[in-house]
Amino acid sequence: MKSGYSEGFKREWRAYYGEDWQPPHSSVDAQWRASKLKYFLYRRALQQVFDHIQDYNRRTGRKVRCYVPTHSLLNYAQWGIVSPESSLARLNGCDGYIAQVWTGTSREANVYRGKLRQRTFETAFLEYGAMQNLVRATGRRVWYLNDPIEDNPNYDWDDYRVNWESTLVASLLQAEVSHYEVAPWPERIFGGRYPRNAAAGVRRGIPPAYATELQTVMNALNDMDQRRVEWNGGSTGFGLVVGDALMFQRGEPTPSNPRLSNVYGLAMPFVKRGIPLTPVQLENLTVAHYLKGFSVLLLTYNGMKPQTPEVHAPLADWVRRGGVLVVVDDDADPYNHVREWWNSNGFAYATPRAHLFKALGISDNDFVAGDKSVKVGKGYVRWLRENTAALAASETGDVRLVNCVKQAAALRSVPWHEANHLLLRRGPYLIGAGLDESITADPAVINSRLINLFDAELRLRSSVALQPGSRVFLLDVDSVKGRQPKLLASACKALPLRQKKDTLSFTVEGVVGTPAVVLLRVPGGAPKTVTLAGQPVEKVEHAKDAHLLWIRFENTYAQRVLELKF
């Protein structure tokens, strides 16, 4: 946001707008126009690259794919960066995105109930949700970055581990995504040296247990494409509309809230109550069936604006078909007055919200009694005339917002349930987060035979409680069926080699010098022998009643054959 002053940019300004360049910091209108131009130039540059690759594919008969690695819209907006974001899905030759969400972005502090602090899990949950909704219903694919280390090398290993577990769980709670980019810089994870603890200056390599945990989880990520998906927590079907113009209002002279409270002030009250609220990409509202599955949407144009009027028609149609729209806006944003479509070319609306209300067939006068709801077709619209950042800064703002949304949702009999946790089943896996700053209630308890994949020992547990601040990635052993031996988890790459009536074998490899553990379900009993590269394995443990077998050895980079004979 601090750029836009070079001679090249000034030339592009004149070509794009047909008028002389203005310093971006000179007015909100100049800042807005500079941001729109950056948005256009970045997209144009990428289209040129994609065109070159598509020409190469035509000439050679190959299929080189193009993915754009990008932070989330929420992070770019908060860090003052302009990116093409949603418009990339409309570029020829763009196969999708790599969602660069990790501790470095998600530990960025935000305000909730008037308190500024890091909320890594909740922020990551919203960031990953925003990235998933860039491609939902577009046919493009998103890959989720999974990086256990962040760019700042001065945190200790415990900090990296706790925050990685939070971001990992947040990503797994997005059930529509099952592709991951793991450890893009493995050398800084398994070869890096970081402080022993926050108070010590001595640095050390990765703790062995953490190295085992990472490899176990990274291998489990291959198995996330599961048909059985079940939520346990608060109500579902709630969304928050966000748009690319969040990035356009971050610079001088009047930047929007520096903590992005226009977003987090609306989102946090619901996530903290166990309601898996989903960021909904404003620009994608014109995509067919994009709003399918949503019952309630929240919207503010404080901090962002719609780039075209076309998005309002499908939103209004969604309301008429039974949707509940809650608008939270005091119309005080100075960017309402920039030169844009809602006040030019035949339009004379004071705000883009006014154009939306026109599309809905309602007016400001329909809300003279405050934040009452107005019926539109089969649905309802509610207008809470408050500043979103002020709601976040208030100790009780979350209560006012939640009560408003709850009352609106009740008009359409939308189920309402709050919880102090988020819990999702994906096939045999259970992904959970206990929430702090949440409702007062006993922690949810999962009763089953469970393996926590964050436990380097992969010990069997009979129950797990989702205490505030806890993060779990569980394998429900009782949900794994079948009479044949089956690999459940491994802290190494374990590829099936052959399976006969009395023999099961894998090729195994891992990060050299790290502890490996292979966990198998053996319903027919323990094997007679277990060998690795032809030699007996010393550390083999069998739990007869649970039908589980643990095999432990040290990883090497070379492929070896692990063989079990029954």
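Of all residues in the range 402-416, those that are in the same structural domain as LEU391 (by TED's automatic domain parsing) have Cβ atoms under 6 Å from Cβ atoms of residues that are surrounded by 15 or more Cβ atoms within 10 Å (Cβ to Cβ) and in a helix (DSSP H, G or I), 6 or more apart or on another chain, in VAL402/PRO269. Going by the structure shown, is THR120 farther than 30 Å from ALA288 by Cα, of a type in the set (Val, Ile, Thr) and in contact (Cβ under 8 Å) with a residue 40 or more places away in the chain? In short, yes.
Here the condition is being under 30 Å from ARG33 (Cα atoms), crowded, with 17+ Cβ neighbours inside 10 Å, touching a residue at least 40 places away in the same chain (Cβ under 8 Å) and of a type in the set (Ser, Thr, Tyr); of TYR380, TYR335, it holds for TYR335 alone.
Scanning the range 408-422 for residues that are crowded, with 17+ Cβ neighbours inside 10 Å and assigned to a helix (DSSP H, G or I), we see that the one that is nearest to the chain's Cα centre (by Cα) is ALA409. The lone criterion from (1) surrounded by fewer than 24 Cβ atoms within 10 Å (Cβ to Cβ); (2) out of contact with any strand residue (DSSP E or B) (no Cβ under 6 Å at 6 or more places or on another chain) left unmet by ALA124 is number (1). Residues in the range 69-108 that are in a helix (DSSP H, G or I) and free of Cβ contacts under 8 Å to residues at least 40 places away in the same chain: TRP79, ARG90, THR105.
Would a scan of the range 447-456 turn up a residue that is in contact with a strand residue (DSSP E or B) (Cβ under 6 Å, 6 or more places away or on another chain), under 30 Å from GLN499 (Cβ atoms), at pLDDT 95 or above and surrounded by fewer than 16 Cβ atoms within 10 Å (Cβ to Cβ)? Looking for residues that are in contact with a strand residue (DSSP E or B) (Cβ under 6 Å, 6 or more places away or on another chain), under 30 Å from GLN499 (Cβ atoms), at pLDDT 95 or above and surrounded by fewer than 16 Cβ atoms within 10 Å (Cβ to Cβ), one finds at least one in the range 447-456, hence yes. Search the range 504-539 for residues being more than 23 Å from ALA211 (Cβ to Cβ) and among the hydrophobic types (A, V, I, L, M, F, W, C), and hand back the single one that is surrounded by the most Cβ atoms within 10 Å (Cβ to Cβ). Checked the range 504-539; the qualifying residue surrounded by the most Cβ atoms within 10 Å (Cβ to Cβ) is LEU504. Residue count for the range 121-151 satisfying the condition of being of a type in the set (S, T, N, Q), touching a Lys or Arg at 6+ places or on another chain (Cβ under 9 Å) and over 18 Å from GLY265 (Cβ atoms): 1. Can you tell me which residue is nearest to the chain's Cα centre (by Cα) among those in the range 28-52 that are surrounded by fewer than 19 Cβ atoms within 10 Å (Cβ to Cβ) and aromatic (Phe, Trp, Tyr)? The qualifying residue nearest to the chain's Cα centre (by Cα) is TYR42. Just one of the listed residues (ASN219, ASN133) is among the polar types (S, T, N, Q) and either touching a helix residue (DSSP H, G or I) at 6+ places or on another chain (Cβ under 6 Å) or more than 30 Å from VAL287 (Cβ to Cβ) (or both), namely ASN219. Are any of the residues in the range 221-242 in a helix (DSSP H, G or I), touching a residue at least 40 places away in the same chain (Cβ under 8 Å) and in contact with a Leu (Cβ under 6 Å, 6 or more places away or on another chain)? No: zero hits.
ARG498 passes every criterion in (1) buried (at least 16 other Cβ atoms within 10 Å of the Cβ); (2) among the charged types (D, E, K, R); (3) not in a loop (DSSP other than H, G, I, E, B) apart from (1).
For the range 437-475, the set of residues classified as over 19 Å from GLN215 (Cα atoms), charged (D, E, K, R) and assigned to a strand (DSSP E or B) consists of ARG449, ARG461, listed by residue number.
One residue stands out in the range 269-301 among those that are among the polar types (S, T, N, Q) and in contact with a strand residue (DSSP E or B) (Cβ under 8 Å, 6 or more places away or on another chain): the one that is surrounded by the fewest Cβ atoms within 10 Å (Cβ to Cβ), namely SER295.
The values are calculated or read from the model by the stated rules, or taken from the named source; none is laboratory data. None of the values given here were measured: they were computed from a predicted structure. Virtual Cβ from ideal backbone geometry, glycine too; neighbours counted across all protein chains shown.
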